[in-house]
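The values are calculated or read from the model by the stated rules, or taken from the named source; none is laboratory data. Since this is a predicted model, take the numbers as computed values, not measurements. So basically every Cβ, Gly included, is an ideal-geometry build from the backbone, and we count neighbours across all protein chains shown.
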Amino acid sequence: MTRSAPGSKERLARFWVPVLITLTGGFAAAASAEAKPIAAYPSPGTGFASPEGNISFNGVTAGTLGRIVVRGSRTGLHPGRLRNFGGPVGVAFIPARPFASRERVTVTAARHTFFGTGGRRSFSFRTGEFLPERDGKPPVSPARGQTPGAWETFRTLRLRIPKLTIHQSRPGKASGKIFYAPRTSGPTIRDEEGELVWYRPGLRITDFRAQRYRGRNVLTWWRRDTFGGKVQSRFEIADSRYRVIRRFEGGNGFIGDPHEFNLTPRGTAYVTAYRTAVVDMSRFGGPKRGFLLDYIAQEIDLQTGLVVWEWHPLGNLRLNETYLGIPKRNTRPFDWLHLNSINDDKDGNILLSARHTQALYKINRKTGKVMWRIGGKRSSFRLGRGVRFGFQHDVQRQPNGTLTIFDNGAGGVHGRVNRFSSAKTLRFDGRTRTVKLVRAYRSPRKNISNSQGNTQRQANGNLFVGWGSVNSCTEFASDGRILFDFSFSAKTVSYRCFKAPWTGAPRTPIAVLSKPAGVDSRVWVSWNGDTRVRTWRVLAGGATLAYAGEAPRDGFETVVPVTGQPARFRLVGLDANGKVLGRSKINQLGKLTR
């Protein structure tokens, strides 16, 4: 069927009925619902929304939203459908067709008003012009992991795992497992003492950590790989068996970015995403048709994959707030902002960190407006002694009201602000508009980390710090004492480093190696990813197997002596209560079974 020109009477007649049917579903219920101001996204006044995006309304459902009309200045009236979010209370309007680039979209409600409009029942935003993205070939990680400069290996896991070097270890450490992921080696989990728990070579991921999802601990990461013959960037959630149970991409046509994947208690995830926007940069000395890397913040509903909330820096921040030189012409998209963390603030608004403006931002969740800045060229606060930071990552509000950040202090070719990288605790006073340094935690090696890094407050008050590009992590007591400090030998970096509770129950087989040892035998056993086994039981014999001994689990790999030289072995893993958790395959003397 041939479409008429946008705005024609034929087009309006064709789509008016579907719009009414879709948007007045549940209208009787809405009529009795109390009218109220609601937050909508893209926020009123947004200047570079995606033409492919959905429009989100928070705090209402399809039955209580009432009738809305969506109209593009170039494409006319837009039919669509409503879909409730699976986690938070809210609904998305999904247009039946995309908007045009560089058009004004007006949304009008019959019942509710919108935050950020001064009490009006309509708002508008503009769509941007974006270049088509070409992912090309994904970066390749060797299937068995990149060979590090120094490594450790096990008899039952014959892989070259980047070597861990423990520099300091003292009592007082928080309980939990340690998570990091050198990009071309593979994600790694270790216990509180540095013993290996899980290693998966060849999986190129970023922001690897344990989080809570639907009341249980899960693993999360960002991954760029080939899915169904197409290169895509995806966010993935894995269960305690290390199976991926949820995959989703950036929303509204934006590409998921590795800098943030932060689950919320609302059944949503904060993620960073980007597209290349075509922007007039001439007023700042750049090209008239410039290519700008448009980093945005999104909150994605995990059940539906729809965008619940999003924030666009273009229109809220000035291009000349960047500390990078604005190019006279574009040879590649200009990364002026480099958004790298998104977290809830205690009042429901949102904290952001942007590396290339060297600033922290508080964003009004309902309107999208900047509430304040700390640092950068337009700081809302005066910075006290020692506060100044540069090219920072990971701003988080702590229960006592302070902020923690990872201060890189330098950005490689982009310059240096401080002598050393540090994790900083800051306290600001809204009355005097000042920010003071509470404490700075430095690496014992006095490193400068040009990129990446994070901080994580532990339940016991300790601070766990990932040092980014220098491949080391440190756990500090609240008074600054170093309790645990290690580095690893991978050739590529781990973006962040975390410590959190984790129970692994893998489906991978138990690995067993048996060898003669004089007149007797020795058996080595491991179960990659398991955290539950406390005792290994040996069954041995010929045609039939009988009990041949037990040994307490001893780190990742346990060796068990066995009397004599039985022809066959089976290892059984028991938990602390003697319950059987798993059995290995039958192993023959002198062989490796897994």
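Brief remarks follow.
- In the set (1) assigned to a loop (DSSP other than H, G, I, E, B); (2) under 19 Å from L319 (Cα atoms), N400 fails one condition alone, (2).
- Residue match in region 330-339 (condition: modelled with pLDDT under 95, at negative phi and either assigned to a strand (DSSP E or B) or not assigned by TED's automatic domain parsing to the domain that holds R416 (or both)): no
- Unique residue being among the β-branched types (V, I, T), modelled with pLDDT of 95 or more, closer than 21 Å to W198 by Cα and not in a loop (DSSP other than H, G, I, E, B) when the list is V538, V525: V525
- Checking P506 against (1) outside any strand (DSSP E or B); (2) over 24 Å from the mean Cα position of the chain (by Cα); (3) farther than 18 Å from S175 by Cα, the condition it does not meet: (2)
- K436 being free of Cβ contacts under 8 Å to residues at least 40 places away in the same chain, basic (K, R) and out of contact with any helix residue (DSSP H, G or I) (no Cβ under 7 Å at 6 or more places or on another chain): no
- Selection count where residues are assigned to a strand (DSSP E or B) and farther than 12 Å from N447 by Cβ, scope region 467-486: 6
- Residues satisfying the stated conditions in region 422-446, i.e. surrounded by 16 or more Cβ atoms within 10 Å (Cβ to Cβ), of a type outside the set (F, W, Y) and under 21 Å from F179 (Cα atoms): S422, A423, R442, S443
- Residue count for region 173-192 satisfying the condition of being closer than 20 Å to W502 by Cβ and either among the basic types (K, R) or outside any strand (DSSP E or B) (or both): 13.
- Conditions (1) surrounded by fewer than 20 Cβ atoms within 10 Å (Cβ to Cβ); (2) touching a His at 6+ places or on another chain (Cβ under 6 Å): number failed by G172: (2)
- Members of region 193-225 that are part of a loop (DSSP other than H, G, I, E, B) and either touching a residue at least 40 places away in the same chain (Cβ under 8 Å) or closer than 26 Å to G87 by Cβ (or both): G194, E195, R200, P201, G202, L203, R204, R214, G215
- Looking only at residues in region 95-141 that are in the same structural domain as T75 (by TED's automatic domain parsing) and free of Cβ contacts under 8 Å to residues at least 24 places away in the same chain, the one that is surrounded by the most Cβ atoms within 10 Å (Cβ to Cβ) is R121.
- Looking at T184, T206, just one residue is buried (at least 16 other Cβ atoms within 10 Å of the Cβ) and either in the same structural domain as R266 (by TED's automatic domain parsing) or touching a strand residue (DSSP E or B) at 6+ places or on another chain (Cβ under 6 Å) (or both), and that residue is T206.
- Screening the candidates S521, S526 for the property of being over 34 Å from the mean Cα position of the chain (by Cα) and buried (at least 20 other Cβ atoms within 10 Å of the Cβ) yields one hit, S521.
- Qualifying positions in region 45-59 - within 19 Å of N364 (Cβ to Cβ) and buried (at least 22 other Cβ atoms within 10 Å of the Cβ): T46, F48, A49, I55, S56, F57
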